[in-house]
Structure formats: C-alpha cells, structure tokens
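Report on the structure given below.
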Amino acid sequence: MRNILVTGGLGFIGSNFIRYLLHESGYRGCLINVDFITYAGNPDNLADIEKEFKDRYRFIRCDICDRERMSKIFDEMAIDGICHFAAESHVDRSLVRPDAFIQTNIVGTFTLLELARKFRGRVELFHHVSTDEVYGSLGREGFFTEETPYRPNSPYSASKASSDHLVRAYHMSYGLPVTISNCSNNYGPYQFPEKLIPLVILNALEGKPIPVYGDGRNVRDWLYVGDHCSAIWAIMNKGRRGETYNVGGNNEMENIQVVGLICDILDEYCGMIDGGPRRRLITYVKDRPGHDRRYAIDGSKLMRELGWAPHESFATGIRKTVRWYLDNRKWVDRLISGEYKAWIKENYGTNRS
C-alpha cells in the first residue's frame, strides 16, 4: 500500500496512528489524511508532522459523506489502502444528538465502502476501526470474543455496530478486501478532554469537582493508544482478509480506581491541592442512560495469529499519559479556549458540531 487514506486522522487515535506509521512502523509510503474537523478533530495534533513529512503526508479537509469529492481524492491520490477511523465517538453526545452519529458512522462508512468498490482494482485493503461497545455489557465474568453477538446499548454503539456489519457485508457480497478491529477503551496523548481520563487529569489539576457516574464501579479494559496503533498496523499487514480482531489492553479496572490513581499520581507530581489529596474532589453524579456495566476483551486471536501483545501496563501507560498532559498545557489550553474555536472558524468555516 503506497498511498493510504486515513479518515479522521486529526482525532485522538487517528493522529496517534499517523505518528506511529511515520515515526515507528517503517512504512515508507504516503498518508492522505481526510478529516472534516468536527468538534474533536484538532489540526494542532499533527502540525509538526505536516512540516516534517511534506513529501509523505497530506491533509485534506473533507466530509467522508461527500461522495463526489471523496471520489476525486481516491482517484487523484491513487488510494490503494484505507484505514477508517472517522466517527462520532462519545456516548453522552450520541444520547443528545444521535443524528450526527447516524450520518458519519453509517452513511460515511457506506460512502467509503462504495468508493473502495469503485476503485477495487487498486484498493488492497479497507481496514475498519471499531469498538467493543458494539457487544453491549458483560456481567462480572467472561470476555468479549470475535464471536460475541452484537447488543449495542447507545446510539453511538448501535451506529458502530451498523458500520461493522456493512464492512463485513461488502466483503461477503463483493469480495472487498477488508479487516475489522474492535478495541477496548483507549487512553494516551492528544485525547479530547471530554473523555474520562483527560477530564479527570484536567479537573484534578485545577481543583475542580471530578464527576463519576453512578457508583463508579463500571469496569473497562484500558488500552494505551500506542499499543492500539501497533495492533492496527499488524492487522493491516498480516491479518486475514474478511476477519475481525479484538484489541484489548489486559487492563480491567473500575472507573473509580482509575480516577483515584490519577489523583494520586498528580499529588505525587504536583503536590497536594489546597492542603489535601485530590481524591476529595471526586463527586458522584447521576448515572447516564444505558451505561454498560463492564467491558472486557479477549484478544487471544490477535496474539495467537499475529503475535501481537500490548507493551504498556496501565501503571506505565497512565503515568506517561499524565506526564504528557502536564508537559503539553499549551495544547490543552488552546483546545479548551475560545482561541482555538475562533481559529477553526476562521480557517475552516463551520461544520457539524
């Protein structure tokens, strides 16, 4: 694959993937990053990459639902591989505005699949990045496998489940070369502050209340984003076409444990706040509708077939993450300020919020 289209490459995982390919993977081809710059897309995530890799990286602002313009990109850029990250991805937002999730996650994926089919003589792979949330909620025991039936419980997870089915159907119906990965909860550098871990870091730094849904006992399997990127690349290179691979971090933790650990790390790095530990900032709030109790990934297929395993434990990964947010306050402050929003409007105009 000499010209890989990365959709949603200005987002959290997409930008980390582009960095991984250009800095660590040994890939020598070109990356074409298509992102519509919705609320979580951030050009600052790859500003240095754009300068460093002028001959091998190109950013194009485009809505993946715009079939005519995307077709020109496929044609003019000679796209022969696709790694599809672009998605609306926050459960809380999907409860308020599900229409945006249907449009991007379902219609957008369909549009890309149709274009991959149109250019199938050249396209070697369509890799679709999805989530473990399509499987629904686990009890206290057991793990999600690639054979687990889909039982999505939010508009977000339902839209991702639909896109998964479309990708598989295009493989079965048209012979399109595809792979699918369903990952557990990611964390790491460049994550938008609405998500649990960066939200806790920033609130704890500023002495603000740290909201925790329900009793805080919901369990997630945490995956460091750098490990996720290496897993995706392994699947794209060595995965069997038409197959789904679960990607987990082997790091099950209750939300309240995650929050407490972050508070302790910040107390260690920055000292107490107002004379006391940051754990006293924890504030329990009403649980959100359809809040899945537990996710846990069985990633043995990926490990067995492709020899991949996560490098970071949660203990090492969370320290790297906290350190990154402490060392990149300019990125954080610009993102959450009116300055960033004004800059986006001036340079790119309006788009879906």
Could you tell me which of Trp324, Ile273, Ser15 has its Cα farthest along the dipole of the chain towards the positive end, charges placed at Cβ (Lys, Arg +1; Asp, Glu -1), taken about the Cα centre? Ser15
Most to least packed among 177-183, 26-32, 52-58 [average Cβ atoms within 10 Å]: 177-183, 26-32, 52-58
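What FRET efficiency do you get for Ser137 and Met172 if R0 is 25 Å and r is their Cβ-Cβ distance, rounded to the nearest 0.05? Don't skip to the end; give the middle numbers.
Numbers: r = 28 Å, r/R0 = 1.12.
FRET efficiency, Ser137 to Met172: 0.35.
Work out the length of the dipole vector of the chain about its Cα centre, built from +1 on the beta-carbon of each Lys and Arg and -1 on the beta-carbon of each Asp and Glu, and round it to the nearest 20 debye.
It comes to approximately 420 debye.
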Which whole-number percent is the relative contact order of the range 132-175 (Cα, under 8 Å, 6+ apart)? 36 percent
Only counting other Cβ atoms within 10 Å, I'd like His90, His291, His228 sorted with the fewest neighbours first. His291, His90, His228
What does the charge dipole of the range 118-159 about its Cα centre add up to, to the nearest 20 debye, if the Cβ of each Lys and Arg holds +1 and the Cβ of each Asp and Glu holds -1? 320 debye
How big is the dipole moment of the range 22-144 about its Cα centre under a simple scheme where the beta carbon of each Lys and Arg is +1, that of each Asp and Glu is -1, and everything else is neutral? Debye, nearest 20, please. 380 debye
When Met303, Met172 are ranked with the fewest other C-beta atoms within 10 Å first, the list becomes Met172, Met303
Once the dipole of the range 119-196 is set up from charges on Cβ (+1 Lys and Arg, -1 Asp and Glu), the residue from the list Ser137, Phe119, Leu166 lying farthest towards its positive end is Phe119
Please arrange Trp233, Trp222, Trp324 by counting, for each residue, the other beta carbons lying within 10 Å of its beta carbon, fewest first. Trp324, Trp233, Trp222
Kirkwood Rh for the range 196-334 from C-alpha pairs, in Å, is 16.7 Å
With r as the distance between the Cβ atoms of Lys320 and Thr145 and R0 = 25 Å, compute the FRET efficiency 1/(1 + (r/R0)^6) and round to 0.05. 0.30
Only bridges whose two residues both fall in the chain count here: according to DSSP, what percent of them are antiparallel, nearest 5? 10 percent
In nanometres, what is the gap between the two model label sites at Ser337 and Arg279, each 7 Å from Cα along Cα-to-Cβ? 3.5 nm
Cβ-derived FRET efficiency at R0 41 Å, Arg97 paired with Lys54, nearest 0.05: 0.65
Full extension from Glu206 to Ser300: what is 0.36 nm times the residue separation minus their Cα-Cα distance, to one decimal in nm? 29.8 nm
Expressed as a rounded percentage, what relative contact order does the chain have, with Cα pairs under 8 Å and six or more residues apart? 18 percent
Helix-derived mean residue ellipticity, 222 nm - over the chain, DSSP H n ≥ 4, -39500 (n - 2.57), to 500: -12500 deg cm²/dmol
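Bear in mind these aren't lab numbers, they're just calculated from the coordinates by the rules spelled out. Everything quoted here is computed from the prediction, not taken from an experiment. In this analysis, Cβ positions are derived from the backbone assuming ideal geometry, glycine residues included, and neighbour counts consider all displayed protein chains.
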